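The values are calculated or read from the model by the stated rules, or taken from the named source; none is laboratory data. Bear in mind the structure is a predicted one, so any value in this text is a computation, not a measurement. For neighbour counting, all protein chains shown are included, and Cβ atoms are generated from backbone atoms with ideal geometry for every residue, glycine included. Note: areas computed on protein heavy atoms with side chains; ligands, DNA, RNA excluded. Shrake-Rupley method; radii C 1.70, N 1.55, O 1.52, S 1.80 Å.
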Amino acid sequence: MKVPFVDLNAQYQSIKKEIDGAIFDVINKAQFIRGPYVDKFEKEFASAMKVKHCISCANGTDALYISMHCLGVKSGDEVITTAHSWISTSETITQTGAKVIFCDTKDDTFNINPSLIESKINSKTKGIIAVHLYGQPADMDAIQAIASKHNLWVIEDSAQAHFATYKGKNVGTIGKLGTFSFYPGKNLGAMGDAGCIVTNDDELAELMKLYARHGGKGDHTIEGINSRMDGIQAAILSVKLPHLKNWIKERQRVARRYTELLKEVGDLILPEVGSNRDHVWHLYVIRTHHRDNLRTYLKEADIATVLNYPIALPFLKAYNYLNHNPSDFPVAYANQGRILSLPIFPELKDEQIVYVTDKIKEYFSINQHSL
Ligand SMILES: Cc1ncc(COP(=O)(O)O)c(C=O)c1O
């Protein structure tokens, strides 16, 4: 049996008529960049998130850069973020001219460890970027408490966590602002690049809108950048948005089944969910000391897996200049060699889940001697 890591075509087939209609509508009306479809999606997403403003942009990386630029981050500043994320979270700090200050993660949730943040704060620190990694909210109460004590802002990088909640609040709406990616493989994915920023801050929202769109339309009051959402992507996202809650339920079903079926198998550590939060399972990540051999075994059985991410941010070549050692981030360092993301998407069938878990059990029963 073949088990892909994700199956974007399966989702397309389930809503094909609506998607095709939406795309042709945009083409017929020639509303390719920004315009009414983008305005409509911005309103719908803000309303679904229960937040005042949604500012669309070209992708989730731009959303982070635009946010920090408009918060005034510049050369000489420092921004604290997690050691375990996709590089967009840290490369955009560098793009503003500021210095990236990495912080290690919690062993149970893969998210930034709030108890390590305070020791990294100094007079140059401007803010904290919390990432809701794999779809699980970070410890927002503790992060917000540190930020307000030191007069810092918090950006929630919610690229992997649309509609995840912390104490009943949507992630992205708890800190100063939240950034989202609509990359096709995300829980809410476009059919190309797209992203947005959400905030309740009126003044900041106006500035971010202006900055993302060349600083005006002929009447440029500031220099900006070109980071716009396409009409086709917005129309596609409007079709998909009403389905998202249901797709999240399906992801939660898959995660529950993996957890049931993989209990006490080999040396596996299964993902945990912290208290007071709702995990939306963008990724289901197991840990094992046999990661590479298990991955090869699953590949031979036609099961696709992914490493998110094989090298923690501080140990990437791109950050050699920071001279970090494994002992600076022991949790992120230990996890980079053990993590394995299993296939997860709403349309994953129970028989496929059982096939994946049977193959994992088979691997550990054959290799029992080396455990
Ligand atoms: C945690 C995180 N932040 C930011 C991004 C950037 O999003 P995009 O690919 O839309 O630029 C991603 C996307 O992979 C991500 O996973």
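Worth pointing out:
- The requirement of being within 16 Å of the ligand (Cβ to nearest atom) and open to solvent by 10 Å² or more (accessible area, probe 1.4 Å) is fulfilled nowhere in the stretch 195-216; no residue meets it.
- Condition broken by Ile129, with the remaining ones in (1) out of contact with any helix residue (DSSP H, G or I) (no Cβ under 9 Å at 6 or more places or on another chain); (2) surrounded by 20 or more Cβ atoms within 10 Å (Cβ to Cβ) satisfied: (1)
- All of Val285, Val265, Val306 fail the test of being under 17 Å from the mean Cα position of the chain (by Cα) and closer than 14 Å to Ile360 by Cβ, apart from Val285.
- Any chance Leu283 is open to solvent by less than 60 Å² (accessible area, probe 1.4 Å), out of contact with any Asp or Glu (no Cβ under 8 Å at 6 or more places or on another chain) and under 22 Å from Tyr183 (Cβ atoms): yes
- Qualifying helices (runs of 4 or more DSSP H) (wholly inside the stretch 13-70; at least 1 residues being closer than 19 Å to Val171 by Cβ, within 16 Å of the ligand (Cβ to nearest atom) and among the β-branched types (Val, Ile, Thr)): 60-70
- Some residue of the stretch 149-166 being away from the ligand (no atom under 12 Å from the Cβ), in a loop (DSSP other than H, G, I, E, B), of a type in the set (S, T, N, Q) and within 22 Å of the chain's Cα centre (by Cα): no
- Within the stretch 167-194, considering residues that are within 11 Å of the ligand (Cβ to nearest atom) and among the hydroxyl-bearing types (Ser, Thr, Tyr), the one most open to solvent (accessible area, probe 1.4 Å): Tyr183
- Residue check, Phe102 in a strand (DSSP E or B) and either among the charged types (D, E, K, R) or buried (at least 18 other Cβ atoms within 10 Å of the Cβ) (or both): yes
- The stretch 72-95, subset surrounded by fewer than 21 Cβ atoms within 10 Å (Cβ to Cβ) and more than 24 Å from Val331 (Cβ to Cβ), residue nearest to the ligand (Cβ to nearest atom): Gln95
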